[in-house]
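Remarks on the structure that follows.
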Amino acid sequence: MEQKEIVEVARKFSAPYRITDGKKFRLRDVDPNDTAGFKDEDKPRAKEALQMGVDALSQLQEVLYAQDRWSVLLIFQAMDAAGKDGAIKHVMSGINPQGCQVTSFKTPSAEDLDHDFMWRCVRHLPERGRIGVFNRSYYEEVLVVRVHQEILQRQKLPATLVTKRIWEERYEDIGNFERYLTRNGTIVLKFFLNVSKKEQRKRFLERLDKPEKNWKFSQADVAERAHWDDYMHAYEEAIRATAAKHAPWYVVPADNKWFTRIVVAAAIIDQLASLDLSFPKIDAAKRQELEAARAALMQGNGSH
Ligand code: ATP
Ligand code: MG
């Protein structure tokens, strides 16, 4: 397939999952098991499609890097075992490591808590020409912190600032921050890998059953299942409040890993292809410099 065709397919594939206006968004309207009509027996073809997507992405990234104007921030949020790590690993597998950085945000450190909540994330924003991947992000501040409000108590905020409006205020601040980033040339894409509670259970059991997956098992993750509905509510509210044209959410069905990865790759391809990416133009002076260099190298006849 030609690059142009791949971009068209990528657009078609990712558009149904893109949310640019959250007002009408409801999690119950989307199906974690959705595969856009593809069946399990289509999996081998899906693998090929992903490989094509990965190649296309790698070409786009090369130009992004050379042009050195735009940067790309990819945010991954999900419940445990939804496949964040696998999606990041597979989708970014063709990308030049020099042009990409992945940051995982875990429980904040004492130093983090001595600052505003954006602080630790700002320090890891991608440079121009780079792709930055956030494995979890400042969205945890309206997800886990909203579900477990005792975390909020540990944030050392002045008491008068902690009111009932705090979540609304955080959505607003996140929205403003993302607008600010996009106005400075950072493309912001947010992925919610939407796994069902049932599929999560299956994957946890697999972690217990397969020795090579044992290391991934965490009792704490299982305990979090008790708060499933609260998390879903928090995700829904966050997506409704922060989906925007300039910073869309992709709510990606995540019960089938092969499908999740294709949608994620497609979304990134679609967005990168819509930029004015091109290799830097060579001006007359630079061309002369290149010609002079060629002449010098030719004279040396390869021996010096
Ligand atoms: P994996 O389990 O695949 O290694 P993970 O992203 O689940 O990846 P963990 O170390 O298991 O990593 O979990 C990180 C934990 O940190 C999550 O429970 C998450 O909710 C929590 N966390 C992240 N950001 C914040 C935050 N700002 N405040 C409080 N907790 C946070
Ligand atoms: Mg975990």
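Laboratory data are not the source of any read-out in this text; all were calculated from the coordinates shown. The structure displayed is predicted, hence computed values, not measured ones. Quick reminder, even Gly has a Cβ in these numbers, built from the backbone with ideal geometry, and neighbours come from all protein chains shown.
Some observations on this one:
- Prolate/oblate/rounded call for region 223-269, Cα gyration tensor, a/c under 1.5 rounded: oblate
- About its Cα centre, the dipole of the chain is roughly 180 debye, where the only charges are +1 on Lys and Arg Cβ and -1 on Asp and Glu Cβ.
- Reach of Lys4 by Cα under 12 Å, taken over aspartates and glutamates that are not fewer than 8 positions away in the same chain: Asp270
- Over region 9-161, relative contact order from alpha-carbon pairs under 8 Å, at least 6 apart, %: 27 percent
- In sequence order, region 277-294 has phi-based couplings of 6, 7, 5, x, 6, 8, 8, 4, 5, 5, 4, 4, 4, 5, 5, 4, 5, 4 Hz under the Karplus curve 6.51 cos²θ - 1.76 cosθ + 1.60, θ = phi - 60°, and Gly or Pro positions carry x.
- Residue pairs exceeding 20 angstrom between C-alpha atoms, taken from Lys84/Lys197; Lys43/Lys257; Lys23/Lys198: Lys23/Lys198.
- Against the chain, whose longest principal axis comes from its Cα atoms, helix 197-209 is set at around 80 degrees.
- Net charge contributed by nearby residues that have their C-beta within less than 12 Å of Val162 (K/R +1, D/E -1): +4
- Charge tally for Phe204 (other residues, Cβ to Cβ under 12 Å; Lys, Arg +1; Asp, Glu -1): +4.
- Each peptide among 91-103, 29-41 gets the average number of other Cβ atoms lying within 10 Å of its residues, and from highest to lowest they stand as 91-103, 29-41.
- Rg(Cα)/(2.2 N^0.38 Å) for the chain, N = residue count: 1.13
- Folded to 0 to 90 degrees: helix 166-183 orientation relative to the chain principal axis, Cα: 10 degrees
- Region 274-302 versus region 3-79: alpha-carbon centroid distance in Å: 36 Å
- For Asp80, the shell of other residues with beta-carbons less than 12 Å away shows a net charge of +4, using +1 for Lys and Arg and -1 for Asp and Glu.
- DSSP bridge analysis restricted to the chain gives an antiparallel fraction near 10%, rounded to the nearest 5.
- Between helix 257-273 and the chain there is an angle of about 50 degrees, using the helix long axis and the longest principal axis of the Cα atoms.
- Electrostatic dipole magnitude of region 31-102 [Cβ: Lys, Arg +1; Asp, Glu -1; Cα centre; debye, to 20]: 160 debye
- Applying the Karplus relation 6.51 cos²θ - 1.76 cosθ + 1.60 with θ = phi - 60° to region 66-76 yields 3J(HN,Hα) values of 5, 6, 6, 10, 7, 10, 10, 10, 10, 9, 10 Hz, where x marks Gly and Pro.
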